[in-house]
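Comments concern the structure below.
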Amino acid sequence: MTRNNTPAVEVQMLIRKPVSTVFQAFIDPEITINFWFTKSSGQLEVGKTVTWEWEMYGASTNVIVKEIIQNKKISTAWGDPATAVDYEFIALTDDTTYVIIKNYGFKETGEELIQVIKDSTGGFTTVLDGLKAYLEHNINLNLIGDKYPREISQHGQ
């Protein structure tokens, strides 16, 4: 057996909702804005490029949708430099879904790679935590907005 040494991030979470509900939460920006970005130029569709915005940070990114397998997988590329991000959905029961987010294709090396992997792991973990709170309990925890409050950046931290 060969071990793959390609740097990658993988985060996961059990969501106590049907796979179709969890899958739709990533496809439909009207749902996604409740746990991740604040604005989107449209729904995810194969071959389409959408823009996601985090208005509180003045940040945005173009997301290229590479593949969608209904209720199973969404493959995208985004960032600068662009990396692949796959969202996988596994229906464990009729009412539970295991979500796995994989981010790979990093161009950085050394300390820069370590920092990018650290940031990606933390970011996607926060997304899944927010997804769980929103879908299971209908609570928007504002995790993304509270991750880097303006007061902290003003203090140079």
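Values as computed for the structure displayed
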quantity	calculated
Of the criteria (1) among the hydrophobic types (A, V, I, L, M, F, W, C); (2) closer than 26 Å to Leu113 by Cβ; (3) in contact with a helix residue (DSSP H, G or I) (Cβ under 7 Å, 6 or more places away or on another chain), which one Phe37 fails	(3)
Single residue of Ala59, Ala91 found to be closer than 17 Å to Gln24 by Cα and among the small types (Gly, Ala, Ser)	Ala91
Residue check, Thr51 among the β-branched types (Val, Ile, Thr), in a strand (DSSP E or B) and surrounded by 15 or more Cβ atoms within 10 Å (Cβ to Cβ)	no
Residue list for the range 18-48, filter: surrounded by fewer than 17 Cβ atoms within 10 Å (Cβ to Cβ) and either charged (D, E, K, R) or part of a strand (DSSP E or B) (or both)	Asp28, Glu30, Lys39, Glu45, Lys48
Which listed residue is in contact with a strand residue (DSSP E or B) (Cβ under 7 Å, 6 or more places away or on another chain), more than 19 Å from Ile27 (Cα to Cα) and outside any loop (DSSP other than H, G, I, E, B), from Thr121, Thr76, Thr125	Thr121
Pairs with Cβ under 6 Å, 6+ apart, first in the range 132-157 and of a type in the set (Lys, Arg), second at pLDDT 80 or above and not in a helix (DSSP H, G or I)	Lys132/Met13; Lys132/Ile15
Enumeration of residues in the range 117-140 that are β-branched (Val, Ile, Thr) and surrounded by 15 or more Cβ atoms within 10 Å (Cβ to Cβ)	Ile117, Thr121, Thr125, Thr126, Val127
All positions within the range 68-108 that are surrounded by 16 or more Cβ atoms within 10 Å (Cβ to Cβ) and in contact with a Leu (Cβ under 8 Å, 6 or more places away or on another chain)	Ile68, Ile74, Thr76, Thr97, Val99, Ile101, Phe106
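The values are calculated or read from the model by the stated rules, or taken from the named source; none is laboratory data. Bear in mind the structure is a predicted one, so any value in this text is a computation, not a measurement. Ideal geometry is used to build each Cβ from the backbone, glycine not excepted, and the neighbour counts take in all protein chains shown.
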